[in-house]
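Taking it in order: structure first as structure tokens, then the write-up.
None of the figures in this text is laboratory data; all of them are computed from the coordinates on show. Owing to the predicted nature of the structure, the values given are computational and were not obtained by experimental measurement.
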């Protein structure tokens, strides 16, 4: 039985408690929030009568001596929270983004390596069944080598609160999900980006609600992103609408359940190559799915001697670097090389 402390009891924490309960053999011995009453409510909701409830993370870590730290705090508190967990000898699973700056992300990676502990990020959308099925098809070679990926993301959510005041809100708060998925499907890291942001006349955001970006991957593939958080009507999925072009064919995904692919079947038929539908393969047992549950399963498995999780900090920083590269390009109006 592994002992865990959970920090941050906002709305997102519910998915974490549920995932930990589903996995089993995890004893949540501490629940921490700046609002101790909110922590008490969460502990009661998930029947944790013996858990230490507090607004003081250091005190809880010192008293409970956990094996695991689950970090669900706001981004501005992330570095201090994760650092405290690693310094206390915990394996740490953290919400995205993994840090507010690349320097902070690099520091957390160094701390995890020094401590000999696993530090992974809840990049939960790469654990969607549809994403895993698409990745499986691409790896099979059915559409050849990926040459380009294209995503449209158009929604009009009225969140209220901090998001409507954030700078670079679309890139900083949402686009990392799509960028991370593109990195998974391209099986590569981005090397450069050119991006633009703008504010439509009807926008209810402070800055950066609408954006476009062109990423270059080191293997030569191109990834284009178009998005807006103040686009009413004909909404896309939260997962975007995708077109992935390969040397032998194309796959499209509506971001919901409709995945279609076609590949070249024979020679030319007039102007165009003859194509045939490609069956999208089902998932096999080893494939992790389930959003938060899938991420946490890989993390827990790694802490128990299993393989390194794919969202470990040293890998996830590559997705974070895409976000900061896009923001830098939008601010400067220049193509920006992406470094980690």
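So if each residue of separation counts as 0.36 nm, and I subtract the Cα-Cα distance between residue 1 and residue 284, what length gain in nm does that give?
99.1 nm
Which residue fluctuates the most in the chain, going by a Gaussian network model with Cα springs under 10 Å, if the choices are 63, 248, 318?
Evaluated over the chain, the most mobile residue of the options is 63.
For residue 198 and residue 77 in one chain, what is 0.36 nm times their gap in residues minus the Cα-Cα distance, to one decimal in nm?
Between residue 198 and residue 77, full extension yields 40.7 nm more.
For helix 78-87, report the angle its Cα long axis makes with the longest principal axis of the Cα atoms of the chain; keep it between 0 and 90° and round to the nearest 10°.
The helix 78-87 is inclined about 60 degrees to the chain.
Kindly provide the Kirkwood hydrodynamic radius of region 2-117 in Å, to one decimal, from all pairs of distinct alpha carbon atoms. Before the final figure, lay out each step's value.
On the way: mean 1/r = 0.0714 Å⁻¹.
Kirkwood radius, region 2-117: 14.0 Å.
Answer rounded, prolate or oblate for region 59-183, using the Cα gyration tensor with square roots of eigenvalues a ≥ b ≥ c: rounded when a/c is under 1.5, else prolate when a/b is larger than b/c, else oblate.
Details: a/c = 2.43, a/b = 1.45, b/c = 1.68.
The shape class here is oblate.
Quote the Stokes-Einstein diffusion coefficient, in whole µm² s⁻¹, for the chain, based on the Kirkwood radius over alpha carbon pairs, a temperature of 10 °C and a viscosity of 1.306 mPa s.
Numbers: Rh = 21.2 Å.
So the translational diffusion coefficient is about 75 µm²/s.
Treating each Cα of region 266-340 as an identical point scatterer and ignoring solvent, apply the Debye formula and state log10 I(q)/I(0) at q = 0.11, 0.24, 0.26 Å⁻¹.
Taking Cα atoms of region 266-340 as identical point scatterers yields -0.63, -1.06, -1.17.
In the chain, what % of DSSP beta bridges are antiparallel (nearest 5)?
Of all bridge pairs located within the chain, approximately 60 percent are antiparallel.
Quick one: compute the contact order of the chain, relative version, from alpha carbon pairs under 8 angstrom and 6+ residues apart, as a percent.
Working: 716 pairs, mean separation 63.8, N = 340.
Reported relative contact order: 19 percent.
Once every DSSP H run of n ≥ 4 in the chain is given -39500 (n - 2.57) and the sum is divided by its residues, what mean residue ellipticity at 222 nm do you get, rounded to the nearest 500 deg cm²/dmol?
Working: 9 runs with 109 residues, N = 340.
One gets -10000 deg cm²/dmol as the mean residue ellipticity at 222 nm.
Can you give me the angle between helix 175-186 and the longest principal axis of the chain, using Cα atoms only, in degrees from 0 to 90, rounded to the nearest 10?
For helix 175-186, the angle is close to 60 degrees.
Using the alpha-carbon atoms, what tilt in degrees (0 to 90, nearest 10) does helix 13-23 show relative to the longest principal axis of the chain?
Between the helix axis and the principal axis of the chain, the angle is about 90 degrees.
Fully extended, how many nm does the chain gain between residue 63 and residue 21 (0.36 nm per residue separation, minus their Cα-Cα distance)?
Answer, rounded to one decimal: 12.9 nm.
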